[in-house]
Each structure stands twice: as structure tokens, then as C-alpha cells.
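Enquirer: This is the structure, below, for whatever I ask next.
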Amino acid sequence: MLACIADYGGRVRGKGYPVAEKEKYVRRGVGLAPTNLMITSFGAIVNSPWGARGDLLMMPDPATEVVVDHGDIWPAERFVLCDLNTLDGAPWMCCPRSWLKAGLARLESTYGLRLYSAFEHEFHYSGVQESGGNAYALDSFRQQGDFLSRLVGALDEAGVEPEMAMPEYGSGQFEVTNSPAIGVTSADRAVQLREVTRSVARAKGEKACFSPVMGAGLVGNGVHVHLSLQDLDGNPVSYDAEGACEMSSQMGTFVAGILAYMTEFLPLTASSAISYERLQPNRWSAAYNNLSAQDREAGLRICPLAEGASKAGFNVEYRASDATANPYLLLGALVWAGLEGLSKNLPLPLPTNGDPSTLSPEEAEARGLKRLPASLGEALGIMENSNTVRSWMGDEFLEAFLVNKQSEVSLLEGLDINAQVAKYVDCF
Ligand code: GLU
Ligand code: MG
């Protein structure tokens, strides 16, 4: 059994113990040095505010335990996700999962709201031959053999609730979506889905790669997050036929917060240097902090409801994210930004219709429209100067994250885009 945490670099790391002793470790926790969170995506620790000092406890959450049974072809895998506590039992103020939970608790206690969300993951699978013309093709299903059915079976067994599995646009590219879930469970499922996908691919001697891009100019692997709100009785409260963009006032201000702070929290959702290769116009990802109905190039897409469909399914989709982001930081950023919108009662900006770059600078400014930062370095600079994001995270947490990501940027110095991509492809 491996007790695991997702670190700032979006990698999942852990420590193992015999399954027979798992109850003991749920009670006592498993020791961890704070600097473990500072391992960069590529494996090296460059800088850490904690150095060799300090001790934390990984506290396994038994509800997140996953068993992947590979039958005869590979040993079974077991892991459980953890919160990080200090030795006196309090949540550690720099723990990504606890930070998300704190935001969700505030959403509940201050506004009587719960987040209902679902992740979609795109990735490349090495077990198919490169071939042209196979975008979304039935033949892609044939080529991948039993990988997707094994994967969906493993996710089902692990309680991760997969919803759909499909070939995507790129050669060897696939997508698996999760059913929506309340609160932290949705982010837990994102971590579980990535790891189970990697595990099922490894068992077949292949690799599932979640790198945001696989080469300069090539199709991106996005992570899209569908968001809606419920009241404490589980009733959907996002839709209002009379509201701006058919959103209830609560949903409208929550969404306005995400749009207003998207450029400031972006490194929490697009966390690698090559994430910014994906966040460009004409890539079906996101290039602006814009809201738009049914537009797959919007930072936030208002998802359609077909005629007669239940309004309970009304949701928006955040598209400026990928799997180099820690799912707790990604969802946490959206929750804390939404809270900011609620507390300031921010108005919903006008949605865009078409390419935002065609708007005049005056019109763009009047709508609060900004081009997303063009590089991780630029995005980190904006985040560092954001008093708002600092107020959500606190100094120690924000600085640790920034140091981690600035280290990542320094490790890539002098490499061209394809050499950078190769490094991420190797570890994601
Ligand atoms: N692959 C695109 C991305 O990088 C998304 C395509 C889609 O809308 O499914 O986000
Ligand atoms: Mg897709």
C-alpha cells in the first residue's frame, strides 16, 4: 500500500507499507519532510524554503483507497491519498488538499453552497501506431486493443466513476471523463484517474502521457473542469432563466471571480513551461480570460443545454488547465477565485462571441478581458504580485509554490521548445 500526496509539480509521490498495517497508518499517519513537496517535476530539488528541516504527517483518507488488479499480467497496485498535517494534528498550511478543503468549507459555511464538478482528461497512449486520418475514429478504438476497456474496468472497480472514454483528435490521443462529484472528491478522482491510467498502460508495457503538448504546434492534452453549484440539500442552484447568461446570481458572481483572477492564479491550473504552448489562439484550448457560450476556445465555456434537457445539468467548463497542475491546486484556485467573486459581488462580464482578439483595446478593457500570460515565467511574475492570490494561500504557501515553479523554469533554461516538451513527456 502506498500513501500518496500530489506535490506542487503535479507528480504523485508516496511511501509504502504492508497492506495488513494500513489501519495503523490511517491512525498514526506516515512521516514526510516538507521539502518532498518541492521536488520539481523533473525529480531534482533545486530550492526549498524548508531545506532538510521539519516533519509532517501524511494522513491517509481511507475513502480514497484505490486497488488496481491487473490479473496475471502485472502485480496489483494499491494506493491511498493523504492530507498533510503538522505533528500536532493540524492541517499543514501549505498542503494542497487541505487548502482546497478550506476553500470548500468557506463556500459551505459562508454561502451555503457546494461545488459539484467533473474533470475531463486528454492523454496520448503509446500502444497505437501513428496514423493519419484517425481523429475521433472507430479505428482508433480498434488500434488501442483492450487498453480502454481495461482502464474503464479498473476505474469502475476503484470507484473513480468514469463517464466516457473516446478517441480524441490527435494520433494516439484519447480522453476519459469522470462523473461529477461534490467537493474534494472530484479532485481526488482526477489524481486517481491519472494514476490508474498510467498504471493500466504500464501493465501493458506502454505509456499514457498527460504532457500538455507532445511537440511544438501539435495538438494539446487539456484538462477541462466542469463546474456548478448546489445548495446544502443537494439542489442545483446554478441556473436561472432570467439571469445574465442564464446563471443564478450566485453562480454569476462565482464565475465572475474566476474570470477576474484567471490571469493571477493561472500557474495553479497551467503549471508547466509548456502549458503556455497550449494556451494559444486556434488550439481549442484557451487564450483569454473570456466567457463564451459553446465556444471551445473560451477560458470559461458555458455548456449548452439541449431543448428539454434538465436545467440541473447547467454548468460552465474551465479550459485553461492541464495535467501538470496538481488537481487540488487547480480546483482550489477556482474555488478561492469564486469565493472572491461572491464576497465582492462581482458582476458577470459580457460573454464574447468569436475571437476576443478582434475586439478593440477599449472594448476589451471595458469587459475586463485579458490575454493569458504567454509563458510560465510571466504567469509566475503576475501571481507573485497578486495580493488577492496571496490572501488565499498565505505567504509561506505562495512562496513555496513560486520557488518550486521558478526552479522548474531555471532547469529548462537554454532548451528549445521541443527539448522542453521531451522533458515533460518523459515525466508526465
Ligand atoms: N485538445 C484540446 C485542448 O488542448 C481540447 C479539445 C476538446 O475540446 O475536446 O484542450
Ligand atoms: Mg476533448
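Since every read-out is calculated from the coordinates, none of them should be taken as a lab result. This is a predicted model, so every value here is computed, not measured. No Cβ is skipped: glycine too gets one built from the backbone with ideal geometry, and neighbour counts run over all protein chains shown.
Enquirer: Using a 10 Å cut-off on Cβ atoms, rank the peptides 341-349, 192-200, 403-411 from the highest mean neighbour count down.
Expert: 192-200, 403-411, 341-349
Enquirer: I've got another one for you. Treating cross-link reach as a plain straight distance, find the aspartates and glutamates whose alpha-carbon is under 13 Å from the alpha-carbon of Lys207, omitting any fewer than eight places away in the same chain.
Expert: Within reach: Glu195, Asp426.
Enquirer: Just want the ordering: Leu398, Leu104, Leu87, from fewest to most Cβ atoms lying within 10 Å of their own Cβ.
Expert: Fewest-to-most Cβ neighbours within 10 Å comes out as Leu87, Leu398, Leu104.
Enquirer: Which trypsin sites (Lys or Arg not before Pro) from the stretch 1-106 combine a DSSP loop assignment with at most 15 other Cβ atoms within 10 Å?
Expert: Sites meeting the loop and neighbour criteria: Arg53.
Enquirer: Something else now. Rank these for me by crowding, Val80, Val219, Val46, going from fewest to most other beta carbons within 10 Å.
Expert: Val46, Val219, Val80
Enquirer: Also, quick follow-up: Only four residue types carry charge here, +1 at the Cβ of Lys and Arg and -1 at the Cβ of Asp and Glu. Report the dipole size of the stretch 91-200 about the Cα centre in Debye, rounded to the nearest 20.
Expert: 500
Enquirer: Additional query: If you count, for each residue, the other Cβ atoms within 10 Å and average over each peptide, how do 332-338, 143-149 line up from highest to lowest?
Expert: Ranked by mean Cβ neighbours within 10 Å, highest first: 332-338, 143-149.
Enquirer: OK, next. Taking only DSSP H segments of four or more residues, each worth -39500 (n - 2.57), what value at 222 nm results for the chain once the sum is divided by all its residues, to the nearest 500 deg cm²/dmol?
Expert: -10500 deg cm²/dmol
Enquirer: Using a cut-off of 14 Å between alpha-carbon atoms, which aspartates and glutamates can reach Lys24, once sequence neighbours fewer than 8 places away in the same chain are excluded?
Expert: The qualifying aspartates and glutamates are Asp61.
Enquirer: Can you list which of the GluC sites (Glu not before Pro) found in the stretch 223-277 are DSSP loop residues with at most 15 other C-beta atoms within 10 Å?
Expert: Of the GluC sites (Glu not before Pro), the ones in loops of the stretch 223-277 whose Cβ has at most 15 other Cβ atoms within 10 Å are Glu242.
Enquirer: What length, rounded to one decimal in nm, is gained on full extension from Ala216 through to Lys344, with 0.36 nm per residue of separation minus their alpha-carbon distance?
Expert: In short, 42.1 nm is gained.
Enquirer: Also, quick follow-up: Find, among the GluC sites (Glu not before Pro) in the stretch 301-374, those assigned to loop by DSSP (not H, G, I, E, B) with at most 10 other beta-carbon atoms within 10 angstrom.
Expert: Here the sparse-neighbourhood loop sites are Glu307.
Enquirer: Taking the Cβ-Cβ separation of Asp139 and Ser360 as r and a Förster radius of 41 Å, what is the calculated FRET efficiency to the nearest 0.05?
Expert: Efficiency, from the Cβ-Cβ distance: 0.35.
Enquirer: Run the quick spin-label model on Arg53 and Met166: label points 7 Å from Cα toward the beta carbon, then report their separation in nm to one decimal.
Expert: Here the modelled spin labels are 5.2 nm apart.
Enquirer: Just name one of Cys209, Ser186, Met164: the one whose Cα is farthest towards the positive end of the charge dipole of the stretch 147-214 (beta-carbon charges, Lys/Arg +1, Asp/Glu -1).
Expert: Cys209
Enquirer: Using each residue's phi in the stretch 271-280, evaluate 6.51 cos²θ - 1.76 cosθ + 1.60 at θ = phi - 60° and report the 3J(HN,Hα) Karplus result to the nearest Hz, with x for Gly and Pro.
Expert: 9, 10, 4, 7, 4, 7, 5, 7, 7, 10
Enquirer: Can you tell me how much longer the chain between Ser375 and Lys207 gets when fully stretched, taken as 0.36 nm per residue apart minus their C-alpha distance, in nm with one decimal?
Expert: 57.7 nm
Enquirer: What's the magnitude of the charge dipole for the chain around its Cα centre, counting Lys and Arg as +1 and Asp and Glu as -1 at the beta-carbon? Answer in Debye, nearest 20.
Expert: 780
Enquirer: I would also like to ask the following. May I ask which residue of Trp336, Tyr25, Cys245 lies farthest towards the positive end of the charge dipole of the chain, with charges of +1 (Lys, Arg) and -1 (Asp, Glu) on Cβ and the Cα centre as origin?
Expert: Tyr25
Enquirer: Gain in length, Glu23 to Glu384, computed as 0.36 nm per residue apart minus the alpha-carbon separation, to one decimal in nm?
Expert: 125.9 nm
Enquirer: Per residue, what volume in Å³ does the Cα convex hull of the chain take up?
Expert: Residue-normalised Cα hull volume stands at 149 Å³.
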